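Comments concern the structure below.
The values are calculated or read from the model by the stated rules, or taken from the named source; none is laboratory data. Keep in mind it's a predicted model, so treat the numbers as computed, not measured. Methodologically, a virtual Cβ is constructed for each residue, glycine included, from the backbone with ideal geometry; neighbour enumeration extends over all protein chains shown. To get the accessible areas, we keep the full protein, side chains included, count just its heavy atoms, and leave off ligands, DNA and RNA. Shrake-Rupley method; radii C 1.70, N 1.55, O 1.52, S 1.80 Å.
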Amino acid sequence: MTARALRLLAAAALLAGGAALADLPRLPKDLLLARSAESPGQVTFRHESHVDAAKPACLPCHAERFSLLGKNAEPARRTAVTHAAMEKGQACGACHGKAAFGFEDCSMCHAQ
(Lines give C-alpha, C1' and ligand atoms only; values in the text may rest on other atoms or scores of the structure.)
Protein backbone atom coordinates (compact mmCIF):
# COMPACT_ATOMS: atom_id res chain seq x y z
CA MET A 1 0.00 0.00 0.00
CA THR A 2 1.37 3.42 -0.91
CA ALA A 3 2.01 6.20 1.59
CA ARG A 4 -0.80 8.23 0.07
CA ALA A 5 -3.23 5.34 0.37
CA LEU A 6 -2.25 4.86 4.01
CA ARG A 7 -2.81 8.55 4.75
CA LEU A 8 -6.23 8.47 3.03
CA LEU A 9 -7.18 5.35 4.96
CA ALA A 10 -6.11 6.96 8.23
CA ALA A 11 -8.05 10.13 7.42
CA ALA A 12 -11.18 8.10 6.60
CA ALA A 13 -10.86 6.20 9.87
CA LEU A 14 -10.54 9.45 11.81
CA LEU A 15 -13.59 10.93 10.10
CA ALA A 16 -15.63 7.80 10.72
CA GLY A 17 -14.61 7.81 14.36
CA GLY A 18 -15.15 11.55 14.74
CA ALA A 19 -18.58 11.18 16.31
CA ALA A 20 -17.27 8.62 18.79
CA LEU A 21 -14.27 10.83 19.62
CA ALA A 22 -16.66 13.71 20.32
CA ASP A 23 -18.06 11.61 23.17
CA LEU A 24 -14.64 11.22 24.78
CA PRO A 25 -13.43 13.44 27.60
CA ARG A 26 -11.33 16.34 26.40
CA LEU A 27 -7.99 14.93 25.30
CA PRO A 28 -4.66 16.72 25.87
CA LYS A 29 -3.41 19.08 23.20
CA ASP A 30 -1.00 17.90 20.51
CA LEU A 31 2.60 17.46 21.68
CA LEU A 32 5.62 18.52 19.63
CA LEU A 33 8.23 15.87 20.38
CA ALA A 34 11.90 16.69 20.86
CA ARG A 35 13.70 16.67 17.52
CA SER A 36 17.20 15.39 16.85
CA ALA A 37 19.56 16.91 14.30
CA GLU A 38 19.02 13.89 12.01
CA SER A 39 15.21 14.17 12.05
CA PRO A 40 13.64 14.64 8.59
CA GLY A 41 10.86 16.75 10.13
CA GLN A 42 8.92 17.58 13.28
CA VAL A 43 6.91 14.78 14.94
CA THR A 44 3.64 15.81 16.54
CA PHE A 45 1.95 13.31 18.86
CA ARG A 46 -1.84 13.44 18.61
CA HIS A 47 -3.87 11.66 21.27
CA GLU A 48 -6.86 11.51 18.90
CA SER A 49 -5.05 9.08 16.60
CA HIS A 50 -3.90 6.88 19.51
CA VAL A 51 -7.15 6.54 21.50
CA ASP A 52 -9.63 3.76 20.76
CA ALA A 53 -12.97 5.58 20.92
CA ALA A 54 -14.81 2.28 21.51
CA LYS A 55 -12.84 1.62 24.70
CA PRO A 56 -10.82 4.69 25.67
CA ALA A 57 -8.11 4.13 28.24
CA CYS A 58 -5.07 6.13 29.32
CA LEU A 59 -3.31 3.54 31.47
CA PRO A 60 -2.03 1.24 28.72
CA CYS A 61 0.44 3.98 27.76
CA HIS A 62 0.59 6.21 30.82
CA ALA A 63 0.97 3.60 33.58
CA GLU A 64 4.68 3.08 32.90
CA ARG A 65 6.04 3.66 29.38
CA PHE A 66 4.91 7.30 29.21
CA SER A 67 4.41 7.97 32.91
CA LEU A 68 2.90 11.29 33.87
CA LEU A 69 4.62 11.18 37.26
CA GLY A 70 8.15 10.60 38.48
CA LYS A 71 11.44 10.29 36.63
CA ASN A 72 9.89 8.94 33.41
CA ALA A 73 7.42 11.79 33.07
CA GLU A 74 7.05 12.88 29.44
CA PRO A 75 10.48 11.68 28.24
CA ALA A 76 9.71 12.39 24.57
CA ARG A 77 9.34 16.08 25.31
CA ARG A 78 12.82 16.27 26.85
CA THR A 79 14.82 13.75 24.82
CA ALA A 80 14.57 13.02 21.12
CA VAL A 81 13.35 9.52 20.29
CA THR A 82 15.74 7.81 17.88
CA HIS A 83 14.96 5.10 15.35
CA ALA A 84 17.55 2.90 17.07
CA ALA A 85 15.58 3.15 20.32
CA MET A 86 12.27 2.50 18.54
CA GLU A 87 13.73 -0.59 16.85
CA LYS A 88 14.54 -1.88 20.34
CA GLY A 89 10.88 -1.40 21.33
CA GLN A 90 11.43 1.78 23.33
CA ALA A 91 9.15 4.84 23.29
CA CYS A 92 7.06 4.90 20.08
CA GLY A 93 8.64 1.59 19.05
CA ALA A 94 6.63 -0.22 21.74
CA CYS A 95 3.74 -0.20 19.25
CA HIS A 96 5.04 1.17 15.96
CA GLY A 97 6.81 -1.48 13.99
CA LYS A 98 4.82 -4.14 15.86
CA ALA A 99 1.10 -3.56 16.53
CA ALA A 100 0.86 -0.34 14.49
CA PHE A 101 2.42 0.72 11.17
CA GLY A 102 6.18 0.45 10.85
CA PHE A 103 8.96 2.87 9.99
CA GLU A 104 9.01 2.56 6.19
CA ASP A 105 7.24 5.85 5.42
CA CYS A 106 8.80 8.85 7.19
CA SER A 107 5.84 11.11 6.31
CA MET A 108 3.51 9.07 8.55
CA CYS A 109 5.13 10.74 11.57
CA HIS A 110 7.47 13.46 10.33
CA ALA A 111 6.02 16.65 8.91
CA GLN A 112 7.89 17.61 5.76
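Residue by residue through the stretch 19-35, note down the ones that are assigned to a loop (DSSP other than H, G, I, E, B), loosely packed, with under 12 Cβ neighbours inside 10 Å and modelled with pLDDT under 85.
Asp23, Pro25, Arg26
Taking the stretch 63-85 as the region of interest, how many residues are in a loop (DSSP other than H, G, I, E, B), open to solvent by less than 50 Å² (accessible area, probe 1.4 Å) and modelled with pLDDT of 70 or more?
Here is the first cut: in the stretch 63-85, the residues in a loop (DSSP other than H, G, I, E, B) are 63-69, 73-74, 79-82.
Now narrow it down to the ones that are open to solvent by less than 50 Å² (accessible area, probe 1.4 Å): 67, 73, 80-81.
The next check asks that each one be modelled with pLDDT of 70 or more; those that pass are 67, 80-81.
Total meeting the criteria: 3.
How many of the residues in the stretch 90-112 are assigned to a loop (DSSP other than H, G, I, E, B), of a type in the set (A, V, I, L, M, F, W, C) and surrounded by 13 or more Cβ atoms within 10 Å (Cβ to Cβ)? Break it down stepwise before answering.
Residues of the stretch 90-112 that are assigned to a loop (DSSP other than H, G, I, E, B), as a first pass: 90, 95, 97-99, 101-105, 109, 111-112.
Pick out the ones that are also of a type in the set (A, V, I, L, M, F, W, C) and you get 95, 99, 101, 103, 109, 111.
From what is left, the residues that are surrounded by 13 or more Cβ atoms within 10 Å (Cβ to Cβ) are 95, 101, 103, 109.
So the answer is 4.
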